[in-house]
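The values are calculated or read from the model by the stated rules, or taken from the named source; none is laboratory data. In this text the structure is predicted, and so the values were computed from the model without any measurement. Note that we place each Cβ from the backbone using ideal geometry, even for glycine, and neighbour counts take in every protein chain shown. Quick note on the areas: whole protein, heavy atoms, side chains included, nothing else; ligands and nucleic acids left out. Shrake-Rupley method; radii C 1.70, N 1.55, O 1.52, S 1.80 Å.
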Amino acid sequence: MSTIFKKIIDKEIPADIVYEDEHCLAFKDIDPKAPVHILIIPKKEIPSVAEVAESDKELLGHLLVKASQIAKDLGVSESGYRLVANTNKEGGQEVPYLHIHLLGGRQMTWPPG
Ligand code: AMP
């Protein structure tokens, strides 16, 4: 599997990176759906939430902890934000590499379309 997100991790294609550590990478979505729109991805290649394993527990927790920190860093923690992990076809997932959208900077609506 070599998706566009794997290429971003490998620095083969550019991205506007806002956070990186040994386990994950966070970068601005190229087509933002909100004033703040960040994608948080694990460096381990996992196609979607549908394919996580028990052994991914710590990594998945790490992604959420970092999402919380990035929201603070970008100034949307108090106002609020939404975390989304589109999963497979009916979930609206287009890139087959697990990612969490962090959306903020405007009022979110519910239910999603
Ligand atoms: P999803 O529909 O949940 O799979 O979301 C994929 C997201 O990746 C979309 O919001 C795209 O705008 C975003 N995206 C696709 N290619 C890039 C890229 N090269 N850099 C940053 N974001 C991207």
Q. When the residues of region 1-30 are filtered to those that are among the acidic types (D, E) and not in a strand (DSSP E or B), which remaining residue is nearest to the ligand (Cβ to nearest atom)?
A. D29
Q: May I ask you to verify whether P47 is more than 10 Å from the ligand (Cβ to nearest atom) and more than 22 Å from D10 (Cα to Cα)?
A: no
Q: For region 1-39, name all the residues that are farther than 18 Å from L98 by Cβ and buried (at least 18 other Cβ atoms within 10 Å of the Cβ).
A: A34, V36
Q | Members of region 55-93 that are within 16 Å of the ligand (Cβ to nearest atom), in a helix (DSSP H, G or I) and under 18 Å from L25 (Cβ atoms) | A | L63, A67, I70
Q: State which residue pairs qualify: first residue without any contact (Cβ under 8 Å) to a residue 60 or more places away in the chain and within 15 Å of the ligand (Cβ to nearest atom) and inside region 94-113, second residue open to solvent by 80 Å² or more (accessible area, probe 1.4 Å) and not aliphatic (A, V, I, L, M) in any location, beta carbons under 9 Å apart, and separation of 6 or more residues or different chains.
A: L98/K44; L98/E51
Q.
Based on this model, can you work out whether K33 counts as of a type in the set (K, R), within 14 Å of the ligand (Cβ to nearest atom) and in contact (Cβ under 8 Å) with a residue 60 or more places away in the chain?
A. yes
Q | Filter pass, D29 being closer than 19 Å to A85 by Cα and of a type in the set (D, E) | A | yes
Q. Could we say that I38 is part of a strand (DSSP E or B), of a type outside the set (F, W, Y) and touching a residue at least 12 places away in the same chain (Cβ under 8 Å) here?
A. yes
